[in-house]
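Novice: I have a structure here, written as structure tokens, and I will follow up with some questions on it.
The values are calculated or read from the model by the stated rules, or taken from the named source; none is laboratory data. Computed from a predicted model, the values in this text were never measured in an experiment. Note that we place each Cβ from the backbone using ideal geometry, even for glycine, and neighbour counts take in every protein chain shown.
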Amino acid sequence: MEDALTEVATATGTATDPNPVPLRITPDALSQVMSILAGEENPDTLGLRVAVSGIQGVEYAYDLSFEDRTEAGEDDLVYNQGDLVVMIPRDSVDSLWGATLDLPAAAGQGGLVIRNPNRPDPLAGLDIELSGTVEERIDQLLTHQINPALASHGGWASLLEVVDGNRAVVTMGGGCQGCAVSAITLREGIQKAIIERIPEITEVVDATDHDSGDNPYYT
């Protein structure tokens with residue numbers, strides 16, 4: 001059951017949905033999940049639990065499983081998508097808001113995919129001591145925390161310059177150059193980290209030449 005439910009990748013994108021639920025399930029994905037659920041013992045008592053289980057590089061990692069509906073926590077968000085009961089732990093709701101559970105775009109690829117517009121803060125929960133000029137502090141953030149996270153995708157980010165004292169011009173290379181999600185990674189992850197920790201910076205500019213990327217992690 002767990003193998004059949006394993007989500008195989010993450011990608012950006014969301015869909016307009018009038019229903020105020022954090023995770024929308026496409027009809028194709030719903031059909032597959034319901035088919036798997038039908039093979040479970042006592043399927044009428046089960047719901048699909050979707051949780052953020054951690055961070056993989058610059059993406060969230062997820063855990064999908066069928067669980068008895070009575071096991072849902074008091075603070076968990078429980079709702080229906082069609083005939084399927086979805087259970088999301090309270091601490092995963094914000095990270096999943098606006099995401100979509102879908103089938104992979106590549107033909108023949110099994111499993112399910114969560115397309116999530118949200119990105120984890122690569123520095124969340126870490127107390128990094130920064131010192132020196134604005135440029136030196138940005139370099140410290142990139143070198144000691146952001147680039148180790150990007151390295152899992154074969155990429156890196158570097159500071160080109162600081163313009164007018166408040167605009168950091170950053171470029172991305174390696175697996176991030178030409179990557180379909182690297183611009184969002186920069187906006188949602190790197191920009192957030194730099195602006196929150198270096199108050200002089202109010203804007204981060206992506207100067208990456210994505211058209212010349214030779215081997216992006218995502219295509």
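Novice: Among ASP91, ASP44, which is without any contact (Cβ under 8 Å) to a residue 60 or more places away in the chain, part of a helix (DSSP H, G or I) and under 30 Å from ASN147 (Cβ atoms)?
Specialist: ASP91
Novice: Also, quick follow-up: Hey, among the residues in region 51-71 that are under 21 Å from ALA29 (Cβ atoms) and surrounded by 16 or more Cβ atoms within 10 Å (Cβ to Cβ), which one's modelled with the lowest pLDDT? Show your work before the answer.
Specialist: Going through region 51-71, the residues under 21 Å from ALA29 (Cβ atoms) turn out to be 51-53, 56, 59-67, 69.
Still in the running and surrounded by 16 or more Cβ atoms within 10 Å (Cβ to Cβ): 51-52, 59-60, 62-64, 66.
Values: ALA51: 95, VAL52: 94, GLU59: 80, TYR60: 87, TYR62: 93, ASP63: 94, LEU64: 94, PHE66: 96.
Here the answer is GLU59.
Novice: If VAL33 meets every condition in (1) within 19 Å of PRO104 (Cα to Cα); (2) of a type in the set (A, V, I, L, M, F, W, C); (3) surrounded by fewer than 20 Cβ atoms within 10 Å (Cβ to Cβ); (4) over 21 Å from the mean Cα position of the chain (by Cα) apart from one, which number is that one?
Specialist: Result: VAL33 fails condition (3) only.
Novice: Could you identify the single residue in ALA151, ALA193, ALA183 that is assigned to a helix (DSSP H, G or I), more than 29 Å from ALA105 (Cβ to Cβ) and modelled with pLDDT under 90?
Specialist: Among ALA151, ALA193, ALA183, only ALA193 is assigned to a helix (DSSP H, G or I), more than 29 Å from ALA105 (Cβ to Cβ) and modelled with pLDDT under 90.
Novice: Search region 47-73 for residues being free of Cβ contacts under 8 Å to residues at least 24 places away in the same chain and in contact with a Lys or Arg (Cβ under 9 Å, 6 or more places away or on another chain), and hand back the single one that is nearest to HIS144 (Cα to Cα).
Specialist: Ranking the qualifying residues of region 47-73, first place goes to ASP63.
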